[in-house]
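J.: There's a structure below that I have some questions on.
Rule-based calculations on the coordinates, nothing more; no lab input. Note that the coordinates shown come from a computational prediction; the quantities given were computed from them, not determined experimentally. As a convention, Cβ positions derive from the backbone with ideal geometry for all residues, glycine included, and neighbour counts pool all protein chains shown.
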Amino acid sequence: MPLESVLTRIDNEMPKAIERLMELLRIPSISTDPAFKDDCQAAADWLVEDLKSIGVAAEKRQTPGHPMVVGHVKGPGPHLLFYGHYDVQPVDPLELWDAPPFEPALESTPTGQVIRGRGSADDKGQLMTFVEACRAWKAEHGELPCEITFFFEGEEESGSPSLVPFMKQYASELTSDIALICDTGLFESSVPAITTQLRGLLGEDFTVTGPNRDLHSGMYGGIAMNPIRVLTKILAGLHDDTGAVTLPRFYDAVPEVADEIRAQWQGLNFDHKSFLGNVGLHDPAGEHDRTPLEQIWSRPTCDVNGIWGGYTGDGFKTVLPSQASAKLSFRLVGEQDPDLIRESFRSYVESNLPAGFSIEYRTEKGAPASQMSIEDPAFEKARKALSDEWPRPAAYTGCGGSIPIAGYFKDLLGVNAMLIGFGKDDDQIHSPNEKYDLISFHKGTRSWARILDALSRT
Ligand SMILES: [Zn+2]
């Protein structure tokens, strides 16, 4: 069986695969800090050489920021693209690390062996699961089962400024039958996941101005309207008692979850009591008639992220401030249009401003949600392949956060993206002591071999 021998080779070669990952982890490719510019180049060079060693025509492509790595290899089956990123987050506060972040090591923990080091889970370890699966396949069979394009970014942790222009410039090269993105996690340690919906994001940052200067509350209190009172009333009016957002037409473009997905989510037995209990909370705060997983994955939100105004220093100052400000953000789903939501929010705010008050906005561009179309048979093939590897069947899950690259493949190239990853909630990505479970690395690699096998069959 072609697949069995590849899996056996992966098992036998694990020590060498770990050594290669350690080499990559020793390169401090922190993309946001200019002091590590050369290290980002070095990480890209390392990947180019490693891809070449398995017969991939790979090269480093410069951008105005850090370089991309692009590699192609021909094969008999469909054309797959694999995306990962080689840059990592900064390491501070350094004193909270138990070992130097760029001196990776295997470590035994009560829940099994882990690879400790910055980038081990996000995203170098995950990226290498795919490369190692290809290496084993190539070694066993002399060629890969599909045509594959490798696409590695070096600016993911610093906002991906070069990504969209690069994808536009090389659109024909990067267009494939499906894109595989490995930068997400397992649902639980024994349940692999294919993330099929990601929420979008819209931020609003604004200041309400009332009186033309700060006033003394003894002299003006009572007759003068306080901007903090205006602001807090506006913010308090954004949700009703059932947890729903009150903005007109807010839910117009919010779809219902498909029945088969809803059934799967129910089967996951998500324990919201411990999810909330872990952060000292008790009851879900979203729409009362929605399940906790729907509240996180498939329903839109509105949250105040910051609020300030008046005197906040030590002691008391009986001021009636001229201004009050807030920052809030919306997580968007389905077809919700960030621009329409912004309009709806602003007209709500402005209709609640007293006469003579003014408002000023400082805003960034919003991003809509992305939803993968699982009608593409590749999704079900990959889900079965993952289910063969792990103790429990793979699930289609949502993700409360935003992963813009998935939307770019769809919008810029018309390519469906499949988000599959093997990270765990406790990997401490972006934090001190980041780790990747050895079992994630090993079974992740085996999973990709199975997925390659499944996708290459027509
Ligand atoms: Zn990442």
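J.: As an exercise, use a Förster radius of 45 Å and the Cβ-Cβ distance of GLU343 and LYS52 to find the FRET efficiency, rounded to the nearest 0.05. Write out the running numbers ahead of the final one.
T.: Working: r = 51 Å, r/R0 = 1.14.
The value I calculate is 0.30.
J.: Rounded, prolate or oblate, given the Cα gyration tensor of the stretch 339-458, with a/c below 1.5 counting as rounded?
T.: prolate
J.: Ranked highest first by average number of other Cβ atoms within 10 Å, how do 362-370, 264-272 line up?
T.: 362-370, 264-272
J.: Distance from the Cα centre of the stretch 115-144 to that of the stretch 210-282, in angstrom?
T.: 43
J.: Here is a follow-up. Quantify how much of the Cα-Cα distance distribution of the stretch 66-191 extends past 21 Å, in percent.
T.: 51
J.: Something else about it: With a ≥ b ≥ c taken as the square roots of the eigenvalues of the C-alpha gyration tensor of the stretch 186-288, please select rounded if a/c is under 1.5 and otherwise prolate if a/b is larger than b/c or oblate if it is not?
T.: prolate
J.: So what is Rg over Rh here for the stretch 370-413, counting just Cα atoms and using Kirkwood for Rh?
T.: 1.03
J.: Check the straight Cα-Cα distances from LYS365 and name the lysines below 21 Å, setting aside those fewer than 8 residues away within the same chain.
T.: Straight-distance partners of LYS365: LYS168, LYS327, LYS410.
J.: Using a 10 Å cut-off on Cβ atoms, rank the peptides 349-359, 397-407 from the highest mean neighbour count down.
T.: The most tightly packed comes first, giving 397-407, 349-359.
J.: Does the stretch 1-149 come out rounded, prolate or oblate by the C-alpha gyration tensor, with a ≥ b ≥ c the root eigenvalues, rounded set by a/c under 1.5 and, if not, prolate when a/b is larger than b/c and oblate if not?
T.: Cα axes put the stretch 1-149 in the oblate bin.
J.: When you count, for each residue, the other Cβ atoms within 10 Å and take the mean per peptide, how do 13-25, 101-113 rank with the highest first?
T.: Ranked from most to least packed, the peptides come out as 13-25, 101-113.
J.: Using Cα positions and a limit of under 13 Å, work out the aspartates and glutamates in reach of LYS37, with same-chain residues fewer than 8 apart set aside.
T.: Excluding near neighbours in sequence, the set is ASP45, ASP87, GLU155.
J.: Direction-averaged shadow area of the convex hull around the Cα atoms of the chain, nm²?
T.: The directionally averaged projection comes out at 24.8 nm².
J.: Between ASP241 and TYR311, what length in nm is gained on full extension when 0.36 nm per residue of separation is reduced by their alpha carbon distance? Could you put the intermediate results ahead of the total?
T.: Values: separation 70, 0.36 × 70 = 25.20 nm, distance 3.06 nm.
Gain on extension, ASP241 to TYR311, equals 22.1 nm.
J.: Straight distance only, please: which lysines reach the Cα of LYS52 with their own Cα at less than 20 Å, same-chain residues fewer than 8 apart left out?
T.: LYS16, LYS60, LYS74, LYS124, LYS138
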